[in-house]
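Working notes, structure below.
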Amino acid sequence: MDGASVNNPRTVEEVFKDFKGRRNALIKALTTEVEEFFQQCDPDKENLCLFGLPTEQWEVNLPAEEVPPELPEPALGINFARDGMPEKDWLALVAVHSDAWLLSVAFYFGARFGFDKADRKRLFNMINDLPTIFEVVTGAAKKQVKDKSSISNHSGSASKSNPKLGRMSRPQAKDEDEDEDEGLDEEEEEDEHGETLCGACGENYASDEFWICCDICERWFHGKCVKITPARAEHIKQYKCPTCTNKRARP
């Protein structure tokens, strides 16, 4: 749907930025904003597509009218299967097609802007460093992290002091021996947390960001992705992420 700047030359970095924006939008539709996405995919409507925009916004809409379209199109008719299969399977299927669409758009730009073999390989490697939408939606990315953590003898959980909240704090001034011990602890915790992926955006843990864990599905989220601040989290006895909340609310 978004064909802006298609005629302007782009670098590998710009195409990757476009990819990440669209990817983040699609992940939001299938995780933290799944209730709204579910409602918009009315099976009684015409063939609908899920579009991710570079601005990290998503929309469910009809395909482009022009032939051929300005950009590759997402899978048509995702709304027809909404009520004909378990919701979990339907979301996973939409996620798979969304991954395929993202790659087609990225390499469409690569062809359009004349990327050579080295540029195409670099673009693919940048994309491949991120978990797929399917892996984020189904929790496969989290499983891979746990498996990797067990191999490297690291725990898969985040904060040790609070099982629900995860946030690295700056060390206070201490003597040299304490500073040295603290530095080793921080390095271990950084390695431990670095393998954790946000259940909303799929990005890795960063030491200066606030995280919160869902008590139902046990996935971790950036506070900003689920609109939870550290102050608000302190008053939450049992945190349920948007996906788990919507599943329990829906009849």
- Task: Using the structure shown, decide if Phe37 is more than 17 Å from Pro74 (Cα to Cα), modelled with pLDDT of 95 or more and of a type in the set (Phe, Trp, Tyr).
- Result: no
- Note on the structure: Those residues of the range 47-99 which are touching a residue at least 40 places away in the same chain (Cβ under 8 Å) and of a type in the set (A, V, I, L, M, F, W, C) amount to Leu50, Phe51, Leu53, Ala64, Leu71, Leu91, Ala92, Val94, Ala95
- Query: Any chance the range 96-111 includes a residue that's charged (D, E, K, R) and touching a helix residue (DSSP H, G or I) at 6+ places or on another chain (Cβ under 6 Å)?
  - Reply: yes
- The residue that is surrounded by the most Cβ atoms within 10 Å (Cβ to Cβ), considering only those in the range 35-80 that are under 13 Å from Leu102 (Cα atoms) and of a type in the set (Gly, Ala, Ser), is Gly52
- Task: Provide a single number: the residues in the range 104-138 that are surrounded by fewer than 16 Cβ atoms within 10 Å (Cβ to Cβ) and under 22 Å from Thr31 (Cα atoms).
- Result: 2
- Message: Kindly evaluate Thr31 against the criterion of being of a type in the set (Ser, Thr, Tyr), on the phi < 0 side of the Ramachandran plot and open to solvent by less than 40 Å² (accessible area, probe 1.4 Å).
- Response: yes
- Task: Give the residue that is farthest from Cys201 (Cα to Cα), with candidates limited to residues of the range 81-99 that are open to solvent by less than 40 Å² (accessible area, probe 1.4 Å) and of a type outside the set (A, V, I, L, M).
- Result: Arg82
- Query: Taking the stated definitions as given, is Lys121 among the basic types (Lys, Arg), modelled with pLDDT of 90 or more and within 23 Å of Arg23 (Cβ to Cβ)?
  - Reply: yes
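Could you say which residue among Ala118, Ala25 is part of a helix (DSSP H, G or I) and touching an Asp or Glu at 6+ places or on another chain (Cβ under 7 Å)?
Checking each option against the conditions leaves just Ala25.
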- With criteria (1) modelled with pLDDT under 80; (2) assigned to a helix (DSSP H, G or I), Cys244 comes up short on (1)
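The values are calculated or read from the model by the stated rules, or taken from the named source; none is laboratory data. Predicted model only: the values in this text are computed from it and were never measured. Virtual Cβ from ideal backbone geometry, glycine too; neighbours counted across all protein chains shown. Surface areas here come from the heavy atoms of the whole protein model, side chains and all, with no ligands, DNA or RNA. Shrake-Rupley method; radii C 1.70, N 1.55, O 1.52, S 1.80 Å.
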